[in-house]
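The values are calculated or read from the model by the stated rules, or taken from the named source; none is laboratory data. From a predicted model like this one, the values you see are computed outputs, not experimental measurements. Cβ sites come from the backbone with ideal geometry, for glycine too, and all protein chains shown count toward neighbours. With ligands, DNA and RNA removed, areas are computed over all heavy atoms of the protein, side chains included. Shrake-Rupley method; radii C 1.70, N 1.55, O 1.52, S 1.80 Å.
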Amino acid sequence: MKIKVRVPATAANLGPGFDVFGAALSLYNEFEAEYVPEAKKTYFTLKGAGKKSLPKCEKNLFWQSMRKTFKVLGEDKYNLKNLNITVNTRIPLSGGFGSSASAIVGGIVLANALCGNKLDKTQVADLAVKIEGHPDNVAPAVYGGICVCSKDGDHGTVVQLPIPKLKVVLCAPAFELRTKRSRQVLPKCVDLQDFVFNTSRVALLTAAFCCSDFALLKAGMQDKIHQPYRCKLIPAMNEVLDAALSSGAYGACLSGSGPTLAAFCNAKDAVNVQKSMIKRWKKDSVRAKAYVLDFDTKGAVAI
Ligand code: HSE
């Protein structure tokens, strides 16, 4: 039996929706496993972006997620000594594309499929959140679309917002920033005025997607909770966001915990937005690569 799943990239936070909002995007990792009962060891093949850098052992996040899922399902037939696994990583690993979330969701969905899909989507998402810690990257990777996520103990509620007819430009500078580092710079407490600011922006962001009123995205993607702190780790971050807005983007923000930046625009403006972001970063001697993506509507699926 051979099973293959694909899992989308994600952009988390979407500005003010820190740890709450996330969107699935049309860039995918593929995970494949074949059950080989007579095998004495697992064959683990890595392709794509992670070919050289990702571990081919128990340290691999995808591998750990598979193992945890088998444990949850009480399944010992698959002991990770009798599987032929291939992982093709197309999602960049530099940060802000949800590559870790993709690995976690890929491991759970693949292990669940090998065991006859005993977990439903809600259980898959809850397990992914338990492994990852924050729901805003993993929920869209499971469900697709734009997700609003809340967490209550071990269970999460996820609501999908209407998918806008917009392109998403993800612009990644040529350096890595790990989420752990990007969370270390955040304050422990939030100022009341900043809290009110963010609450109002989250309301505008929700209204922008629900009413297809994209002019609201400029204000709706403003944030005072995490971006002002994280910009110290990302040279010219605010200038690149401004460049995206000046060249036609409705809204722009840090993608997840960065260093990638996201801009939301009409298809006709996407190339301009892409070029302006790269050009602005270049002015500060930062090399960058941009991807023009659509929203993914399906989330993790068997292919
Ligand atoms: N909400 C998370 C953060 C996304 O901003 O730290 C990265 O996992």
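In a shell of Cβ-Cβ distance under 15 Å around VAL148, excluding VAL148 itself, what net charge do Lys and Arg (+1) and Asp and Glu (-1) give?
On the way: positive: LYS151, ARG201; negative: ASP19, ASP136, ASP152.
Computed value for this residue: -1.
Return one whole number: the accessible area per residue of the chain in Å², for a 1.4 Å probe.
45
Taking Lys and Arg as +1 and Asp and Glu as -1, the other residues whose beta-carbon sits under 11 Å from that of ARG280 total +1. Between CYS189 and LYS298, the contour length at 0.36 nm per residue exceeds the Cα-Cα span by 35.6 nm. Ordering TYR250, LEU293, LEU192 by the projection of their Cα atoms onto the charge dipole of region 167-293, which places +1 on the Cβ of Lys and Arg and -1 on the Cβ of Asp and Glu, puts LEU293 at the extreme positive end.
Sorting 95-105, 9-19, 173-183 by average packing, meaning the other beta carbons within 10 Å per residue, from highest down gives 95-105, 9-19, 173-183.
A straight chain from LYS268 to LEU233 at 0.36 nm per residue would run longer than the Cα-Cα distance by 9.4 nm.
Between 0 and 90 degrees, the angle of helix 192-210 with respect to the longest Cα principal axis of the chain falls at about 70 degrees. Each stretch of four or more DSSP H residues adds -39500 (n - 2.57); spread over every residue of the chain, this sum gives -10500 deg cm²/dmol at 222 nm. Taking label positions 7 Å along the Cα-Cβ direction at both LYS41 and ILE163, the computed distance is 4.2 nm, reported to one decimal. Its Cα centre serving as origin, the chain has a Cβ charge dipole (Lys and Arg +1, Asp and Glu -1) of approximately 1100 debye. If the chain linking SER53 and ASN84 were pulled fully straight, counting 0.36 nm for each residue of separation and taking away their Cα-Cα distance, it would gain 9.2 nm.
Where the accessible area of the chain is counted over protein heavy atoms with a 1.4 Å probe, how much of it, in %, is carbon and sulfur? Don't skip to the end; give the middle numbers.
Working: 7220 of 13680 Å².
That fraction is 53 percent.
Scanning residues 5 or more positions from ALA300 or on other chains, those with amide H under 5 Å from its amide H are VAL142, TYR143, GLY144, with H placed 1.01 Å from N in the peptide plane. Using only the alpha-carbon atoms, how far is helix 237-246 inclined from the longest principal axis of the chain? Give it as 0 to 90 degrees, nearest 10. Once rounded, one gets 70 degrees. Per-peptide packing, taken as the mean over residues of other Cβ atoms within 10 Å, places 26-32, 233-239, 48-54, 189-195 in the sequence 26-32, 233-239, 48-54, 189-195 from highest down.
So which of LYS165/LYS218; LYS4/LYS151; LYS68/LYS121; LYS167/LYS218; LYS71/LYS118; LYS59/LYS81 end up more than 20 Å apart, counting from Cα to Cα? Those over the limit are LYS4/LYS151. Packing, taken as the mean count of other beta carbons within 10 Å per residue, orders the peptides 111-118, 247-254 from highest to lowest as 247-254, 111-118. Counting only protein chain heavy atoms and rolling a 1.4 Å probe, the accessible areas of HIS155, HIS226 rank, largest first, as HIS155, HIS226.
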